[in-house]
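Q: One structure, pasted below without further comment.
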Amino acid sequence: MIDIQLKDVPLSTEECNQLVASAGAGGTVVFVGTVRDQTKGKKVVRLEFEAYKPMAISEMRKIAEAAQEKWSAHKIAIHHRVGVLEIGAIAVIIAVATPHRKAAFEACAYAIDTLKETVPIWKKEIFEDGEVWVAAHP
């Protein structure tokens with residue numbers, strides 16, 4: 001089971017945990033990415049995320065399918081926010097359930113790292129003294 005969502009409303013860790021719950025899973029890992037209050041010593045006021053939705057969803061699905069194949073993941077949920085996010089808000093949740101714990105950690109790390117490299121979601125950091133679009137793909 002794969003659940004991919006790009007939402008303009010708050011994300012729920014509880015929902016993602018429930019989506020990946022599996023009696024056959026020996027390990028479940030949930031990564032929660034939140035908006036921090038500083039970047040490189042500069043105070044962040046908020047973030048704004050934009051996405052090319054059809055392609056973003058397609059790319060997130062490819063990531064989940066690859067994780068399922070490589071780590072025998074039973075269930076994967078990848079949820080990402082778009083829009084304006086205040087400090088402390090959840091920007092992304094990745095939940096992975098696999099037969100063994102090591103695979104769950106590896107699949108989850110792969111999913112967030114690959115998402116940041118390949119998915120067309122762009123982040124604008126708003127500071128007290130200006131704003132900057134952050135390179136989506138380093």
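The values are calculated or read from the model by the stated rules, or taken from the named source; none is laboratory data. Just so we're clear, the structure is a prediction, and the values are computed from it rather than from any experiment. Cβ atoms come from the backbone with ideal geometry, glycine included; neighbour counts cover every protein chain shown.
Q: Between GLU65, GLU69, which is free of Cβ contacts under 8 Å to residues at least 40 places away in the same chain and surrounded by fewer than 21 Cβ atoms within 10 Å (Cβ to Cβ)?
A: Values: GLU65 fails: free of Cβ contacts under 8 Å to residues at least 40 places away in the same chain.
None of the others qualify; the one that does is GLU69.
Q: I'm told ALA51 meets every condition in (1) under 30 Å from ASP129 (Cα atoms); (2) in contact with a Ser or Thr (Cβ under 9 Å, 6 or more places away or on another chain) except one. Can you identify the failing condition by its number?
A: Here ALA51 meets the rest and fails (2).
Q: Looking at THR98, THR118, THR114 in this structure, which one is closer than 19 Å to ALA25 by Cβ and touching a helix residue (DSSP H, G or I) at 6+ places or on another chain (Cβ under 7 Å)?
A: Details: THR118 fails: closer than 19 Å to ALA25 by Cβ; THR114 fails: closer than 19 Å to ALA25 by Cβ.
Result: THR98 is the single residue among THR98, THR118, THR114 that is closer than 19 Å to ALA25 by Cβ and touching a helix residue (DSSP H, G or I) at 6+ places or on another chain (Cβ under 7 Å).
Q: Tell me the residue from VAL92, VAL9, VAL30 that is part of a loop (DSSP other than H, G, I, E, B) and farther than 22 Å from GLU128 by Cβ, please.
A: Working: VAL92 fails: part of a loop (DSSP other than H, G, I, E, B); VAL30 fails: part of a loop (DSSP other than H, G, I, E, B).
Testing whether each residue is part of a loop (DSSP other than H, G, I, E, B) and farther than 22 Å from GLU128 by Cβ leaves just VAL9.
Q: Looking only at residues that are of a type outside the set (A, V, I, L, M) and assigned to a helix (DSSP H, G or I) in segment 97-112, which one is surrounded by the most Cβ atoms within 10 Å (Cβ to Cβ)?
A: At the first step, the residues of segment 97-112 found to be of a type outside the set (A, V, I, L, M) are 98-102, 105-106, 108, 110.
Those left that are additionally assigned to a helix (DSSP H, G or I): 101-102, 105-106, 108, 110.
Working: ARG101: 13, LYS102: 12, PHE105: 16, GLU106: 17, CYS108: 24, TYR110: 17.
Only one residue tops the list, namely CYS108.
Q: Still on this structure: When the residues of segment 72-87 are filtered to those that are surrounded by 23 or more Cβ atoms within 10 Å (Cβ to Cβ) and of a type in the set (Val, Ile, Thr), which remaining residue is nearest to GLY24 (Cα to Cα)?
A: ILE76
Q: If you don't mind, another one. Taking ALA67 and the conditions (1) among the aliphatic types (A, V, I, L, M); (2) in a helix (DSSP H, G or I); (3) more than 15 Å from the chain's Cα centre (by Cα), which numbered condition does it fall short on, given that it satisfies the others?
A: (3)
Q: Then there is this: Select from segment 89-108 the residues that are touching a residue at least 40 places away in the same chain (Cβ under 8 Å) and out of contact with any strand residue (DSSP E or B) (no Cβ under 6 Å at 6 or more places or on another chain) and list them in ascending order.
A: Pass one, segment 89-108, residues touching a residue at least 40 places away in the same chain (Cβ under 8 Å): 89-105, 107-108.
Answer for segment 89-108, where residues must be touching a residue at least 40 places away in the same chain (Cβ under 8 Å) and out of contact with any strand residue (DSSP E or B) (no Cβ under 6 Å at 6 or more places or on another chain): ALA89, PRO99, LYS102, ALA103.
Q: Please go through segment 50-91 and give me each residue that is aromatic (Phe, Trp, Tyr) and at pLDDT below 95, ordered by number. Before you say what the answer is, go through the steps one by one.
A: As a first pass, look at segment 50-91 and keep what is aromatic (Phe, Trp, Tyr): 52, 71.
Selection gives TYR52 alone.
Q: Can you pull out the residues in segment 10-29 that are hydrophobic (A, V, I, L, M, F, W, C), in contact (Cβ under 8 Å) with a residue 60 or more places away in the chain and surrounded by fewer than 17 Cβ atoms within 10 Å (Cβ to Cβ)? Talk me through it step by step, then tell me what you get.
A: We begin by selecting, within segment 10-29, every residue hydrophobic (A, V, I, L, M, F, W, C); these are 11, 16, 19-21, 23, 25, 29.
So of that shortlist, the ones also in contact (Cβ under 8 Å) with a residue 60 or more places away in the chain come out as 11, 16, 19-21, 25, 29.
Within segment 10-29, ALA21 is the sole residue that qualifies.
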